[in-house]
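Scroll down for the structure; my scribbles are underneath it.
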């Protein structure tokens, strides 16, 4: 950010300083300086300044292909795809300018991001019909477009063209392919390419997408692979969705300590779990390990933090306390359900019936049977032995 500020200060000084005629001929701003200024303005999301610099260059007769490309890139970076393509058409109409490889790369990238693969391919075909040789940025943009639309066959095809042609893949190509194979779920190819660029990978989104791929896979060693990748992510790169995904993974893999740590991190960061599936995974992990104290603590914190409440949470506690014949705690669970407006369902009553029956609490059994009759629920066949 400081570098951009210094660049703008230099550009503005160059634009505004007064020169003698002879000095102006030698020291006035050049077209490439305007291009750099437009690009810097775009990266700083100051699109108005980028347009102003472009118009100023045009007024001074310094509008060239690079200034067009710079403004197109600024539009693309700021999500103004229509303006980017409109400027491209204006450039093609101007008989004094010809689009360059960089120009077509921008347009191909724009269509790829918009998932307009037909337009992307048509632009690539148009480029090939001109005396313009595609470069690695061209092919990377094509691969990125195919990944965006999950067109794995075309992604592979372009990658094979690079492997067999005069243009060689670069690090960005390999990172794109890692992303593609991760989304595809092809861990073998993902890992093979990762090994090629492992020492050069400091791209956190790529690390995260690999973790995501492992979490969704049936890889027998995925826990160790996920832990190794997590070591590469700095604390400042915390992402709520990734933490929730890790909670689910740890729950499914029965790693209670890791799950608790991830849950604590979520509470600390005020990340709320709002999906039923994730909550059930957590509850199942506690239930499977008979960790009633941890489940109680989790329940209290979840209610306060606004996490998704579900019947499974309370039913699990009822079953666990019932197995311990701890009727007092069962009653506390029922009160907790009332406090969060969860009514007693058929399953709730059945759990209570079985617990009271096993404890020989005849009066409580009759009370539950009365509630079953009242709400029209099926009554256990062993409720009235002959």
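The values are calculated or read from the model by the stated rules, or taken from the named source; none is laboratory data. Keep in mind that what you see is a predicted model, and the values were worked out from it rather than measured. Every residue, glycine among them, receives a Cβ derived from its backbone with ideal geometry; neighbour counts consider all protein chains shown.
Could we say that residue 320 is surrounded by 13 or more Cβ atoms within 10 Å (Cβ to Cβ), in a helix (DSSP H, G or I) and under 42 Å from the mean Cα position of the chain (by Cα) here? Yes. Among the residues of the stretch 148-168, are any under 26 Å from residue 101 (Cα atoms), touching a helix residue (DSSP H, G or I) at 6+ places or on another chain (Cβ under 6 Å) and in a loop (DSSP other than H, G, I, E, B)? Yes. In the set (1) under 18 Å from residue 145 (Cβ atoms); (2) at pLDDT below 95; (3) in a helix (DSSP H, G or I), the condition left unmet by residue 199 is number (1). Could you please give the count of residues in the stretch 340-362 that are within 23 Å of residue 297 (Cα to Cα) and without any contact (Cβ under 8 Å) to a residue 12 or more places away in the chain? Here the count works out to 2.
Results for (1) in contact (Cβ under 8 Å) with a residue 40 or more places away in the chain; (2) assigned to a helix (DSSP H, G or I); (3) out of contact with any helix residue (DSSP H, G or I) (no Cβ under 6 Å at 6 or more places or on another chain); (4) farther than 30 Å from residue 172 by Cβ, shown as yes or no for each residue.
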{"residue": "207", "(1), (2), (3), (4)": "no, yes, no, no"}
{"residue": "213", "(1), (2), (3), (4)": "no, yes, no, no"}
{"residue": "227", "(1), (2), (3), (4)": "no, yes, yes, no"}
{"residue": "257", "(1), (2), (3), (4)": "no, yes, yes, yes"}
{"residue": "274", "(1), (2), (3), (4)": "no, no, yes, yes"}
{"residue": "287", "(1), (2), (3), (4)": "no, yes, no, yes"}
{"residue": "293", "(1), (2), (3), (4)": "no, yes, yes, yes"}
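So in the stretch 61-73, with the set limited to residues that are touching a residue at least 12 places away in the same chain (Cβ under 8 Å) and not in a helix (DSSP H, G or I), which one is farthest from the chain's Cα centre (by Cα)? The extreme case among them is 62.
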